[in-house]
1. Give me the pairs, please: first residue somewhere in the range A:84-106 and more than 7 Å from chain B (Cβ to nearest Cβ), second residue anywhere and not in a helix (DSSP H, G or I), beta-carbon distance under 6 Å, and either six or more positions apart or on two chains.
2. Mind listing just one residue for me: the one in the range B:642-653 that is more than 8 Å from chain A (Cβ to nearest Cβ) and part of a helix (DSSP H, G or I) and, of those, surrounded by the most Cβ atoms within 10 Å (Cβ to Cβ)?
3. Answer with yes or no whether A:Ala66 is at pLDDT 95 or above, at negative phi, within 16 Å of ligand 2 (Cβ to nearest atom) and buried (at least 22 other Cβ atoms within 10 Å of the Cβ).
4. With surrounded by 24 or more Cβ atoms within 10 Å (Cβ to Cβ), within 14 Å of another protein chain (Cβ to nearest Cβ) and away from ligand 1 (no atom under 16 Å from the Cβ) as the only criterion, which of B:Ser308, B:Ser273, B:Ser247, B:Ser277 stands out?
5. Could you list, in sequence order, all residues of the range B:667-694 that are in a helix (DSSP H, G or I) and under 28 Å from B:Ile127 (Cα atoms)?
6. For the range B:710-718, indicate whether the set of residues that are part of a loop (DSSP other than H, G, I, E, B) and within 14 Å of chain A (Cβ to nearest Cβ) is non-empty.
7. For a quick check of your reading: which strands (runs of 3 or more DSSP E) sit entirely within the range B:113-213 and have at least 1 residues that are surrounded by fewer than 16 Cβ atoms within 10 Å (Cβ to Cβ), assigned by TED's automatic domain parsing to the domain that holds B:Val63 and on the phi < 0 side of the Ramachandran plot?
8. Condition (residue is more than 23 Å from B:Pro697 (Cβ to Cβ), crowded, with 21+ Cβ neighbours inside 10 Å and more than 10 Å from ligand 2 (Cβ to nearest atom)) applied to the range A:113-133: is it met by at least one residue?
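The values are calculated or read from the model by the stated rules, or taken from the named source; none is laboratory data. These figures come from a predicted structure and were not determined experimentally. Because the Cβ atoms are built from the backbone with ideal geometry, glycine has one as well, and the counts that use them run over all protein chains shown.
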Amino acid sequence: MKISLTVNGQLREVEITPYTRLLDLLREDLGLTGTKEGCGKGECGACTVIMDGELVASCLVPAPQADGSEVLTIEGLGSRDNLHPIQESFVETGAVQCGFCIPGMILASKKLLDENPHPAEEEIRLGLSGNICRCTGYAKIIDAVMMAAEKMDGRESDQDG
Amino acid sequence: MAFEYVNKGVKRVDAYEKVTGKAKFGADLEFADMVYAKVLRSEYPHAEIKAIDVSKAEKMPGVEGVYTADDIPNNLFGVIVQDQQVLAKDRVVLAGDGVAMVAAETEEQAAEALKKIEVEYKELPGIFDPVDARAEGVQKLHENKEDNQVIHHPLRKGDVKNGFEKADIILEREYKTQFIEHSYIEPEAVVAVPEDQNHLISIYGSIQNPYATRTAVAVVLNTNLSKVRVIQNHIGGSFGGKDEVVSAMAARAAVMALDLKKPVKMVNSREESITESYKRHPYQLKYKVGATKDGKLTAMEIEAVADSGGYACQTPFVTWRSVVQATGPYELENVKTDVYGYYTNNPYTGAMRGYGSPQVIFAQESLVDELAKELDISPLELRLKNIYRQNSITASGQKLDTHTVSLEEVIKKAVEKSNYKEKYLEYSKEQKGDIKKGIGLAVSFRGCSLGAEAIDAAASLIQINKDGSVAVYSGLAENGQGLKTIFSQITAEVLGITMKNIDYMEIDTTFTPDSGSTVASRATLVGGNSIKDAAQKLRATIDAFCADKFDLDLDDVDIREGFIYDGKGNRLATFEDIVGEMGNQGIMLSAYGWYKGPAISWDEEKGTGNPYFTYVYGCQIAEVEVDTGTGELSVTNMTAAHDVGRAINPANVKGQVYGGVVMGLGYGIMEEVEVNKGKIKNTNLDEYLIPTIKDMPEIEPIIVENPDPVGPFGAKSIGEPTLELGSAAIANAVAQASGRRIRSLPLNLERVLIGRALHKGGK
Ligand code: FES
Ligand code: FES
């Protein structure tokens with residue numbers, strides 16, 4: 001079957017089977033390998049993307065369900081020369097170690113900050129509780145989100161997804 | 001001494017790729033004509049393989065090839081003992097042993113075809129406890145071995161009989177630790193590419209130790225090392241875990257790729273990863289300690305038994321670290337220690353961050369607290385009476401006089417920061433209500449680098465290009481710990497250039513010299529020294545050229561941030577122009593660096609010698625709240641003081657502390673691979689729980705710096721010490737809060753509440 005969806009602002013048409021997961025569609029059909037698979041079971045958050053404004057584990061979303069939707073992946077957030085403030089903050093606070101959890105962490109942070117531009121530490125913990133990181137101990141990830149909130153404060157929300 | 005780059009929290013050089021999703025990990029790689037492969041694994045922990053019929057699988061759609069042990073040129077490999085099967089031939093020794101594999105056009109087709117392979121097994125009785133494995137006359141799990149013992153490390157000092165006679169009090173206790181999973185978020189992935197750029201085979205993927213994997217693949221293929229090329233990609237965490245299991249995967253992929261003449265990709269699902277990867281060794285530990293009534297230790301006797309599972313893997317070395325460190329950082333005249341490893345039919349066990357230390361520290365630091373209680377001395381005071389100080393002699397007879405023995409300093413700093421003394425007194429009083437608080441501490445000394453495990457040397461290569469850009473090649477691997485950044489900092493510091501001119505190359509075994517494995521927190525110390533060596537050679541060449549050109553004394557040549565200055569601070573030229581000119585004159589601007597650690601020694605029979613050339617010291621203090629009504633346990637604060645020699649990158653050190661402390665917390669209170677008769681029950685992250693952001697305590701890192709004479713700029717190590725202390729500190733805090741001493745890990749809710757686990761062996 002064929003579905004169409006908007007990924008990172010571009011309309012894409014993809015041929016899929018009814019069993020394709022959104023994760024496979026992104027990684028294999030569209031080559032967007034920034035979205036990672038860590039468990040395939042909705043537990044680790046490595047495959048997190050934003051679909052129609054909601055945070056989803058793309059390993060649990062059947063691709064047919066994404067027909068007509070709008071999806072934001074890490075590749076749509078910013079590039080090296082034009083980093084999103086959240087990406088900048090993850091670099092500047094040293095919140096990145098191996099990096100495997102980071103695309104999911106950043107998208108979960110974006111969703112959190114879109115809804116709550118000034119989260120308290122407790123709220124950050126809640127917002128990122130679906131994303132597991134084995135390297136960082138989370139401390140600097142919290143710092144990164146705090147810093148991003150400050151950076152985004154006053155800046156026009158220029159990049160959206 | 002003031003540094004430009006060293007000792008500063010510069011940004012990680014690889015962070016940009018990682019925050020934009022550009023960084024390529026093993027599973028992200030694509031090659032033309034690539035096929036996918038899957039492995040059929042045994043469900044039985046111990047069985048004879050009677051027959052394997054692959055004929056139906058071969059006819060399945062998309063299948064390119066089906067393989068068994070008969071197709072493997074040389075089926076046995078192993079870094080220390082060659083006993084690990086690429087695919088099981090006559091016998092499976094653990095549940096998860098591969099028995100056959102399929103390559104197909106798609107992953108789904110490979111998985112479908114696996115189901116059609118028919119294996120006839122004859123189940124054999126299994127051994128699931130290492131203590132059973134040592135019994136007389138019990139079945140041997142590896143036929144060519146005398147018995148099931150993988151290793152025995154003895155250590156003898158003084159006369160324990162004598163020592164116990166001098167004691168006013170003798171305490172005997174038993175402790176137990178569990179299997180745990182590395183839980184790197186990226187499951188294992190490799191691609192094997194045949195006939196790639198003049199090599200028989202190239203392996204790409206999430207590989208912790210490219211040289212060990214290259215050796216394993218060459219051994220399995222019966223070929224030369226030069227025919228095999230291993231290229232490390234970004235690796236999604238390893239913690240000691242992506243070594244043998246990835247070598248096996250690489251060897252399997254290589255066999256298929258050579259047969260099919262096509263690239264073969266293998267990616268484990270989480271279930272496959274947990275089923276087949278090696279774990280942290282569970283230990284059973286018996287401790288006996290004697291002390292005078294004023295708290296001086298007189299003797300310690302220890303027996304530790306490690307479960308090696310089906311293969312030897314790294315058991316001989318893991319247990320060796322245990323024997324060196326088993327008494328903890330305490331002065332003792334009389335010691336008798338025996339550490340054993342045995343084969344069983346459990347999952348096999350290998351390297352994991354900490355490497356044989358977290359188990360003995362949990363036991364020995366719990367024991368010291370138990371002794372303090374018996375003696376009615378505070379745990380802090382008892383430790384201060386016995387700890388190693390400058391010139392102390394260790395259990396193996398090594399005099400600690402070549403570096404600063406800073407244990408007292410790290411303890412003091414942690415105690416002050418956490419307000420330990422006051423809190424300890426406060427929580428010792430009767431506490432009202434169900435919620436009880438406790439505070440506990442644990443201390444350690446840790447040998448840096450490999451010690452007498454293996455030759456401890458590393459190499460690197462630095463090339464300066466004509467345009468002033470610099471490429472750094474090191475044989476040690478970036479596993480997420482920030483090595484690329486640290487090595488770039490050292491290069492920048494020595495050459496006098498800025499970090500942005502430096503590119504750190506991915507490890508490629510063909511171009512980077514073999515530096516052994518990136519283990520034992522040795523990368524900064526040993527690898528850093530080799531980078532420094534290479535950079536210094538180049539710097540000397542450049543200095544000499546400049547002195548000549550500008551008619552300066554050699555000592556007056558100063559290079560900073562990419563500019564050449566004379567002794568008076570006048571800018572003479574740019575680094576680029578100078579190296580460009582040198583290049584045009586045919587002066588070589590590449591240099592290899594080499595570093596070999598200072599001499600060490602070990603007598604395997606007596607357990608004596610200088611097993612490590614230097615040590616680091618640490619102290620962690622945990623604060624907990626225990627709900628004695630429900631058994632709920634929360635760790636609220638962790639203070640972690642570590643002497644790192646010198647922090648090349650303090651931000652990075654703190655990152656290691658946060659990560660290590662949280663991983664240590666998982667080990668202490670949550671994690672356990674539940675193994676029932678050799679089979680793992682919790683094979684995904686919904687059942688195998690690791691700390692989330694909600695479990696994270698307040699963490700207070702304290703970096704203590706006593707530069708080491710042998711480390712680069714005085715640096716030692718930090719990766720592993722951060723993880724080894726948490727479980728013991730938490731156990732001690734829980735004992736204070738709840739009044740219950742728990743002697744096995746993890747300290748789970750039921751154990752806190754009723755003193756034992758409720759659901760061992762089946763919920
Ligand atoms: S891969 Fe989707 S949540 Fe882990
Ligand atoms: S940085 Fe490695 S899992 Fe988060």
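1. Partner pairs satisfying both residue conditions: A:His84/A:Leu77; A:His84/A:Gly78; A:His84/A:Gln159; A:Gly104/A:Gly45; A:Gly104/A:Ala46; A:Gly104/A:Thr48; A:Gly104/A:Asn131; A:Met105/A:Asn131.
2. My answer is B:Val653.
3. no
4. B:Ser277
5. Within the range B:667-694, B:Tyr667, B:Gly668, B:Ile669, B:Met670 qualify.
6. Checking the range B:710-718: at least one residue is part of a loop (DSSP other than H, G, I, E, B) and within 14 Å of chain A (Cβ to nearest Cβ).
7. B:118-123
8. Yes; the residues of the range A:113-133 include at least one that is more than 23 Å from B:Pro697 (Cβ to Cβ), crowded, with 21+ Cβ neighbours inside 10 Å and more than 10 Å from ligand 2 (Cβ to nearest atom).
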